[in-house]
Each structure stands twice: as structure tokens, then as C-alpha cells.
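See structure below.
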Amino acid sequence: MKDFNQDVDVNLGICPHCNYPVHFRKTKKDNVYICPLCFEKAEQHINGKVLFTKVSFNLKDEGIL
């Protein structure tokens, strides 16, 4: 039987780059996601609501991709 009491990552939101509602793709770094439409990076913040903000570092240089 499946355990439905597990924490679930919420990665739905509005991309801060292209302004479309998307299902963000996870990266190896916590709270950093990639928009499947514009392929830009966004960081997830949770403080009463889920908010994605622009990320300004190279994912390949950080060893994330």
C-alpha cells in the first residue's frame, strides 16, 4: 500500500523569466529548478506561499547539470 503521508516537493509555479505556469524540473541542487519552456533557472522559496525567483549562476560550473 502506498504511504500518502510523505512530504511532496511542490514544483509548480509561474516562471519568473517567461511568466508562464509550469511544472519545474528538479536539479541536483536543493530549491533550484529549471523551466521546461524557457530553460532558465529559478529558485524556490516557501514562506506562506511558493515563490520562484531568478537564479544567476551557471549550473554547469556548479556541477548541478
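Taking 7 Å steps out from each Cα toward its Cβ at D30 and L51 produces label points 2.0 nm apart. Each label was represented as a point 7 Å from its Cα along the Cα-to-Cβ direction; for C38 and L12 these points are 2.1 nm apart.
Read-outs throughout are calculated quantities, based only on the coordinates presented, and are distinct from any laboratory measurement. Remember, predicted model here, so these are calculated numbers, not experimental data. So basically every Cβ, Gly included, is an ideal-geometry build from the backbone, and we count neighbours across all protein chains shown.
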